[in-house]
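The values are calculated or read from the model by the stated rules, or taken from the named source; none is laboratory data. These numbers come from a predicted model, not from an experiment. Every residue, glycine as well, gets a Cβ built from its backbone with ideal geometry; the counts of neighbours run over all protein chains shown. Remember, those area values only see protein heavy atoms, side chains included, never the ligands or the DNA or RNA. Shrake-Rupley method; radii C 1.70, N 1.55, O 1.52, S 1.80 Å.
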Amino acid sequence: MAEATFNFPRGFQWGTATAAHQVEGNNANNNWWAWEQAAGRILHGHTAGLACDWWGGRWREDFDRAAESGQTTHRLSVEWSRIQPTPDRWDEDALDHYRQMVRGLHERGLTPLVTLHHFTDPLWLYERGGWANDVAEQFAAFTEKVVTALKEYVNQWVTLNEPNVYATLGYLMGTFPPGDQNMLKTFQVMTNLVRGHAAAYHAIHRIQPEAQVGIAHQYRGIEPYRRWLPLDSAIAHFQSRMFNDFFPAAAQTGVLRFPGWRKRIRQAKNTQDFLGLNYYTQDFVAFHPLRVSEAFGKRFFDPQAALSDTGFIANQPQGFFAALQWANGFGLPIIVTENGIEDAADHLRPRYIVEHIRQLWRAVNFNWPVKAYYHWTLVDNFEWDRGWTQRYGLWELDLETQARRKRPSADLYAEICQANALSSQMVARYAPQIFADMFPNE
Ligand code: IFM
């Protein structure tokens, strides 16, 4: 049997990523909570409810799980609506709660990476129109408060999680709050998110000059279905520029590029110290004259690719390599801020992990400056408009009892973290079906 070990450089960081609303529970003062209460918005009428009960203290046992499995870092987010429940009030107890959590990470040997905005907005901000307005000043004030409170334990920050997803799903597709389908408003929100990011970036550096600050960008591979057809290529290129390039390019150049229009936001120039990359899957796109709202492109998965439980993610590891190559083009250190798959029975996840980590290793061996990898996620959590129907956790969550049950992938990921490597023995044990392809005998 062929043997090999894909080693990672010393100091490479391994972790899992989470977000406040998805794990904390009882986050009743934000726009998502309000959105979840109305019928027809979340699959099967699910709500976040108690989630993983982190606000009730179960973060301790979950951080223990992360540390015991060899992880060295954890990405979590803070909930704006807890810290600033009304425009004129800061909740010191909430800040103290987060201080305990990030100290708890340190005590377990885990370095925190903290996200300031992960999809949710305080109700008071939302009711005034949210990010459709220029709220950079409010976001910077919140950022200052958090950074001042947590700086003893945190020096790595993500300002915004997936601003492209936030703007597109909330304002163009209408599946996230506020449920709009308005192209102009989408551009307005995108512009304000860039302003907000820039203001937060400068606020963090004023308080903590040595901080490392970035955005967690969701990169979705968008490939032309028929490479020979210029229309397919043009649409793939256009969609990729709008979805993938808009935010990282704006944070690099200070220029926002919309179709037929550009806008300069000087303060946004050079406002990333690392490139945060969230990668899950990739699509084909084919020209379709009737898909007007999708820029005349029909998107679909490669029919050969294995699909996740609900068909939401196609296993496309080569797309991860392409995403890393894209990320490398920005000339910044790269942090893989999310990567994972929904798979309640853990049928596909071990293979997904193995194949994606192998692509990560290839990227590292090209000397692309990838510093860390965060698997999404530690324990099953509330999956936004898809409620509890999608299970991304290395640990399964029983919502009734709050019990956690380890999936085989948790052991696989622990072995990778502990060895700082992926070995052929791990593949033989956890994903034997791909062994021969990965390690051919001749
Ligand atoms: O759960 C989400 C997360 O909040 C943002 N990135 C994608 C994940 C899986 O859908």
Review point. Taking the chain as a Gaussian network, Cα atoms linked when under 10 Å apart, which of 312, 119, 382 shows the biggest mean-square fluctuation?
Key: 312
Exercise for review: Determine the per residue accessible area of the chain with all protein chains present and a 1.4 angstrom probe, expressed in square angstrom.
Suggested key: 39 Å²
**Study point:** Förster-model FRET efficiency, 45 Å R0, residue 261 and residue 103, C-beta, rounded to 0.05
**Key:** 0.45
**Study point:** Accessible-area order (highest first, 1.4 angstrom probe) of the listed residues 397, 229
**Key:** 229, 397
**Study point:** Expected 222 nm ellipticity per residue - DSSP helices of 4 or more, -39500 (n - 2.57), all of the chain, to 500
**Key:** -11000 deg cm²/dmol
Point to revise | Shape of region 226-369, Cα gyration tensor, a/c cut at 1.5 | key: oblate
**Study point:** Heavy atoms of residue 296: accessible area, 1.4 Å probe, square angstrom to 10
**Key:** 90 Å²
Revision key, fill the gap. With every protein chain in place, the accessible area of residue 242 for a 1.4 Å probe, in Å² rounded to the nearest 10, comes to 40 Å²
Practice item. Under 1.5 on a/c is rounded, so check that first for region 156-315, then, if it is not, pick prolate when a/b is larger than b/c and oblate when it is not; a ≥ b ≥ c are the square roots of the alpha carbon gyration tensor eigenvalues. Key: prolate
Study note, to complete from the structure: Mean projected area (nm²) from the convex hull of Cα positions in region 71-212 is 8.3 nm²
Practice item. Grab the alpha carbons of region 351-399, take their convex hull, and tell me the volume per residue in Å³. Key: 95 Å³
Practice item. Tell me the label-point distance for the pair residue 175, residue 312, using the 7 Å Cα-to-Cβ offset, in nm and rounded to one decimal. Key: 0.9 nm
Exercise for review: Name the most mobile residue of 281, 148, 186, meaning the one with the largest mean-square fluctuation, in a Gaussian network model of the chain with Cα contacts below 10 Å.
Suggested key: 148
**Study point:** Rounded FRET efficiency, nearest 0.05, which uses the C-beta distance separating residue 210 from residue 93 and R0 of 30 Å
**Key:** 0.60
Revision key, fill the gap. Heavy-atom accessible area of region 20-100 with neighbours in place, 1.4 angstrom probe: carbon+sulfur share in percent works out to 46 percent
**Study point:** Accessible area in the full protein assembly, largest first, 1.4 Å probe, for 358, 227, 241, 10
**Key:** 10, 227, 241, 358
Practice item. Determine the shape class of the chain: with a ≥ b ≥ c the square roots of the Cα gyration tensor eigenvalues, call it rounded for a/c under 1.5, and otherwise prolate if a/b is greater than b/c, oblate otherwise. Key: rounded
Revision key, fill the gap. For the chain, averaging the sequence separation of alpha carbon pairs under 8 Å that lie six or more residues apart and dividing by its residue count, the contact order in percent is 19 percent
**Study point:** Solvent-accessible surface ranking, highest first, for 145, 151 at 1.4 angstrom
**Key:** 151, 145
**Study point:** Greater than 29 Å apart at Cα, pairs in 298/371; 151/371; 371/406; 151/406; 269/298; 263/371
**Key:** 298/371; 151/406; 269/298; 263/371
Practice item. Would you kindly find the accessible area of residue 309, with a 1.4 Å probe and non-protein molecules such as ligands, DNA and RNA excluded, rounding to the nearest 10 Å²? Key: 80 Å²
Study note, to complete from the structure: Connecting every pair of Cα atoms under 10 Å apart in the chain and solving the GNM, the largest mean-square fluctuation among 41, 262, 65 falls on 262
